[in-house]
Amino acid sequence: MSEFSLDLSEDQLQIQKWVHDFAEDVIRPAAHEWDEREETPWPIIEEAARIGLYSFDFMTQCFFDPGGLMMPIANEELAWGDAGIGLAIFGSALGLAGIVANGTPEQLGEWGPQCFGTPEKIQMAAFAVSEPDAGSDVSSLRTRAVYDQAKDEWVINGTKTWITNGGIADIHVVVAAVDPELGSRGQASFIVPPGTPGLSAGQKFKKMGIRASHTGEVILDDVRVPGHCLLGGKEKLDAKMARAREGKKSNSQAAMATFEATRPSVGAQALGISRAAYEYALDYAKERKAFGRLIIENQGIAFKLADMKMRIDASRLLVWRAAWMGRTGKPFVAGEGSMSKLYAGETAVWVTEQAIQIMGGYGYIREHPVERWHRDSKIYTIFEGTSEIQRLIIARAVSGIHIK
């Protein structure tokens, strides 16, 4: 087991520099263009695939890093370049995380590489949970999966929404209700392979921020998938639901097992936005003069920057702790995963707002990137569990009471 350390290993430092250089040289110069276009930045994904950044091998290296820090480190650097493009590159990792969290080693070996494809034939993955009437409340999913025993197939019907890469992905990991009466404990995750009849793309959403990342609806109309596409297998699902019917506790739920694993990485993305805005505002304050002196010489500006730096570093500590705990198997007894995502997300909103305030009118125009960073930051208090849901998880964990 890896001991927690703030000293990064040589491998982690090399990955950090490698991803940062890509973010600085490739992502940042293109960020404004793809934000304006609101399209998937295929040329940048292709370049990321060419160097091995967008690949199953790199993602598994991050997932299985002994200290658990490689994934948040990479996410922070990509989001420092641009959160929308970073999500376009790492969005497939959420689908992969769904397979890692719920599948068997054999399923990971079969479907994991297909989440990314090859530099010559790029593929994408999507993790489809949210629905029009079930965003934060994942226990109320209406998408149904019914087992056809005669054909050993699952028939899936429903509509998913707010899905990263939804409809354009090759591999869709879909969470559906098998026994709706059991709520979230009656749900399972399924692989929908490329080209499966009945799966189609619905509406593509035009968003306030992270515009280079595709977000859309996924429509499932009598989608049939083979029995082996049930992640974890039917025997494991039947046993889990039997325990649920008997009132026994379950160790994991299909959607939550994935979110628990990915929340520190989502927090790291928010952290990257915060760091970008802080660095930009700091440089501006050291160059901009008003009333005959640099504006950083005023306490009103200097204290903002001090608070920004303090909250960024606190966010990173929470993210790294949660990532290390998740990787080394330490339980989140106080909602540590939720803490990291909650604090880093709200910090990103606050820090980017302070950066705009420091820059005044210049911070509000598109000539400078801080207004984009502010727009990008807001989603981090909403997706993968709103701030309110994160607080609920933490409150339940520390109190032992099922707070509603």
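Every number here is computed from the coordinates shown, using simple stated rules; none is lab data. Keep in mind that what you see is a predicted model, and the values were worked out from it rather than measured. As a convention, Cβ positions derive from the backbone with ideal geometry for all residues, glycine included, and neighbour counts pool all protein chains shown.
If a paramagnetic tag sat 7 Å from the Cα of Q203 along the Cα-Cβ line, which residues of the stretch 137-173 would have the backbone N under 15 Å from that point?
159-163
Taking the chain as a Gaussian network, Cα atoms linked when under 10 Å apart, which of I365, I45, I312 shows the biggest mean-square fluctuation?
So, out of I365, I45, I312, the one fluctuating most is I365.
Considering the options G272, A125, S399, tell which one lies farthest towards the positive end of the dipole of the chain, charges being +1 on Lys and Arg and -1 on Asp and Glu at the Cβ, about the Cα centre.
Going by the Cα projections, it comes out as S399.
Can you give the local net charge around E46? Use residues other than it whose beta-carbon is closer than 12 angstrom to its beta-carbon, Lys and Arg +1, Asp and Glu -1.
Summing Lys and Arg as +1 and Asp and Glu as -1 gives 0.
Expressed in nm to one decimal, what extension gain is obtained for the pair I382 and E353 from 0.36 nm per residue of sequence separation less their Cα-Cα distance?
On the way: separation 29, 0.36 × 29 = 10.44 nm, distance 1.71 nm.
Extra length from I382 to E353 when fully extended: 8.7 nm.
K289 to H32: FRET efficiency via 1/(1 + (r/R0)^6), r the Cβ-Cβ distance, R0 22 Å, to the nearest 0.05?
The value I calculate is 0.25.
Give me the net charge of E120's neighbourhood, meaning all other residues with Cβ under 13 Å from the Cβ of E120; Lys, Arg count +1, Asp, Glu -1.
Computed value for this residue: +1.
Taking the simple approach of a point 7 Å from Cα along Cα-to-Cβ for both F303 and V333, what is their distance in nm?
Rounded to a tenth, the inter-label distance reads 3.9 nm.
Pick from R224, R144, R245: which residue has the top mean-square fluctuation in a GNM of the chain where Cα pairs under 10 Å get a spring?
Evaluated over the chain, the most mobile residue of the options is R245.
In whole angstrom, and with the biggest value first, how far do the Cα coordinates of the chain range along each principal axis?
Cα extents, longest axis first: 82, 49, 41 Å.
Could you give the distance between the Cα centres of the stretch 6-44 and the stretch 104-168, to the whole Å?
Comparing the Cα centres of the stretch 6-44 and the stretch 104-168, I get a distance of 27 Å.
Using all C-alpha to C-alpha distances in the stretch 293-404, build P(r) with 5 Å bins and read off the rounded percent in each one.
With a bin width of 5 Å, the distribution comes to 2, 12, 16, 18, 17, 12, 9, 6, 4, 2, 0, 0.
Report the Stokes-Einstein translational diffusion coefficient (µm² s⁻¹, integer) for the stretch 10-115, Rh taken as the Kirkwood radius over Cα pairs, at 10 °C with viscosity 1.306 mPa s.
In µm²/s, the coefficient rounds to 112.
Where in the stretch 95-133 is the amide nitrogen less than 18 Å from a point lying 7 Å along the Cα-to-Cβ axis of R50?
117-123
At 7 Å along Cα-to-Cβ for each site, give me the label-to-label distance between R142 and L317 in nm.
4.6
Strictly over 20 Å apart at the Cα level, which of K309/K341; K234/K330; K207/K378 would you flag in this model?
K234/K330
Counting Lys +1, Arg +1, Asp -1, Glu -1, what net charge surrounds N298 among other residues with beta carbon under 13 Å of its beta carbon?
Local net charge: +4.
Rounded to the nearest 20 Debye, what is the dipole magnitude of the chain about its Cα centre when Lys and Arg each give +1 and Asp and Glu each give -1 at the C-beta?
For this selection, approximately 1220 debye.
Of the options G329, G216, P180, report the single residue whose Cα projects farthest towards the positive end of the charge dipole of the chain (beta-carbon charges: Lys, Arg +1; Asp, Glu -1).
Towards the positive end, the residue furthest out is P180.
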